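*Asks:* Questions regarding the structure given below will be posed in turn.
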Amino acid sequence: MSTHTSAPAIKTLCSTCSLRELCMPVGLLPDEFEQLDAVIRQSRRLKKGEYLFRAGEQFSSLFAVRTGFFKTTVANQNSCDQVTAFYMSGELIGMDGICSQAHSCDAVALEDSEVCELPFANMEELGQKIPSIQTHFMRLMSREIVRDQGVMLLLGNMRAEERIAAFLLNLSQRLYSRGFAANDFILRMSREEIGSYLGLKLETVSRTLSKFHHEGLVQVEHKHIKLLQPESLRSMVAGCMHAV
C-alpha cells in the first residue's frame, strides 16, 4: 500500500518551475513542455518523517524533489537502517525501482518537503517522442552509478576526516548549483545519519566536526555550517571530490 496518498496535492507546471533546468533537459520547446506538463501528476507535500515510498513497494513513478530534503535507507544485516543517499531540490528519487519494478529502499523526508510525481510508463512513452528527455534520464542514471562508485571508494580508502570533508564539499557544490550559498548552509540530516552514510560512528562525526571547527576550517553551530577554508578541505580530499 502506498504511504503517501494522504498528502495534499498541488499542480505544478514544469514549464514555470524554477528548478526545471536541474531535473529536466535544457532546451525543451514550448510544445514539448506542454507534453511534459500533461504527464506529470499533481505534486505532493510530505511532513518531516513521512515516507515517500518503502522498500518492497511496487515501483510506478520517479519523484523530482521540488522543495525539502530526503534520505534513502536500507535495512542492513543487523536490521538497522543504513543511509544510502541524500536528495535535495532538483534531484530525482526512485530510480532504484526501475530494474525490478519494486523499490529496494525506503525514502524519508528529512524536513517538510514537496515532490513532483513522474509516472514512469508515461515518461518512457514521452521519451520516445522527445529524445532529449530519454537522454537526460540516461545521464541521471549514469550520475547515480558514478556516485555509488564514489561512495565505495570513499568508504574503502579515505580516513574519517577525508570522508567528512568530501561530504561537506559535495553538499556545498550541490547547493551552489541550485542557487544557494555554497559555504553557509544548514545540515538537514543528523550527525548519526551522516555517520550511517559515511560508515562512521556518531562520536567520530561529532569529534571530526569539532576538530575542523577548532582548526578554523569550518564554523559549526549545531546544524549550521560555514566552510571557512574550502580550499583546505579540497586539498584534504585531493582527487576524491566526486566521492559522494
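*Asks:* By the gyration tensor of its Cα atoms, with a ≥ b ≥ c the square roots of the eigenvalues, what is the shape of region 117-210: rounded for a/c under 1.5, prolate for a/b over b/c, or oblate?
*Replies:* Values: a/c = 2.72, a/b = 2.08, b/c = 1.31.
Since a/c reaches 1.5 and a/b is larger than b/c, the shape of region 117-210 is classed as prolate.
*Asks:* Could you tell me the distance between the Cα centroids of region 56-89 and region 159-235, to the nearest Å?
*Replies:* 21
*Asks:* Please order 210, 89, 79 by the number of other Cβ within 10 Å, starting at the fewest.
*Replies:* On the way: 210 12, 89 22, 79 6.
Lowest to highest Cβ neighbour count: 79, 210, 89.
*Asks:* Here's another thing I want to ask about it. What nm distance separates the two modelled labels at residue 202 and residue 141, each placed 7 Å from Cα along Cα→Cβ?
*Replies:* Here the modelled spin labels are 3.9 nm apart.
*Asks:* Continuing with this model, one more query. Mind checking the angle between helix 202-214 and the chain's longest principal axis? C-alpha axes, 0 to 90 degrees, to the nearest 10.
*Replies:* 70
*Asks:* If you take every residue apart from residue 144 with its C-beta less than 14 Å away from the C-beta of residue 144, what net charge results, scoring Lys and Arg +1 and Asp and Glu -1? Please report the intermediate quantities before stating the final value.
*Replies:* Working: positive: 139, 143, 147, 174; negative: 91, 96, 148.
In short, +1.
*Asks:* Based on alpha-carbon positions alone, could you give the equivalent ellipsoid semi-axes of the chain from the gyration tensor, as √(5λ), descending, whole Å? Intermediate results must be reported in sequence, preceding the final value.
*Replies:* Values: eigenvalues 204, 80, 58 Å².
Over the Cα atoms of the chain, the semi-axes work out to 32, 20, 17 Å.
*Asks:* Now a separate question. Distance in nm between label sites at residue 37 and residue 132, each 7 Å beyond Cα in the beta-carbon direction?
*Replies:* Reported label-point gap for residue 37 and residue 132 is 1.7 nm.
*Asks:* Does anyone have the angle between helix 160-177 and the longest principal axis of the chain? Alpha-carbon axes, 0 to 90°, nearest 10?
*Replies:* It works out to around 40 degrees.
*Asks:* Under a crude label model (7 Å from the Cα following the beta-carbon direction), how far is residue 211 from residue 184 in nanometres?
*Replies:* Calculated label separation equals 2.8 nm.
*Asks:* Which of 63, 180, 86 moves most in a GNM of the chain, Cα contacts under 10 Å?
*Replies:* Greatest mean-square fluctuation among the candidates belongs to 180.
*Asks:* May I pose another question? For region 158-237, with equal point scatterers placed on the C-alpha atoms only and solvent neglected, what are the log10 I(q)/I(0) values from the Debye formula at q = 0.13, 0.18, 0.20, 0.24 1/Å, to two decimals?
*Replies:* -0.34, -0.67, -0.85, -1.27
Just so you know, all these numbers are worked out from the coordinates, no wet-lab data involved. Predicted model, so just to flag it, every value in this text is computed and none were measured. Cβ sites come from the backbone with ideal geometry, for glycine too, and all protein chains shown count toward neighbours.
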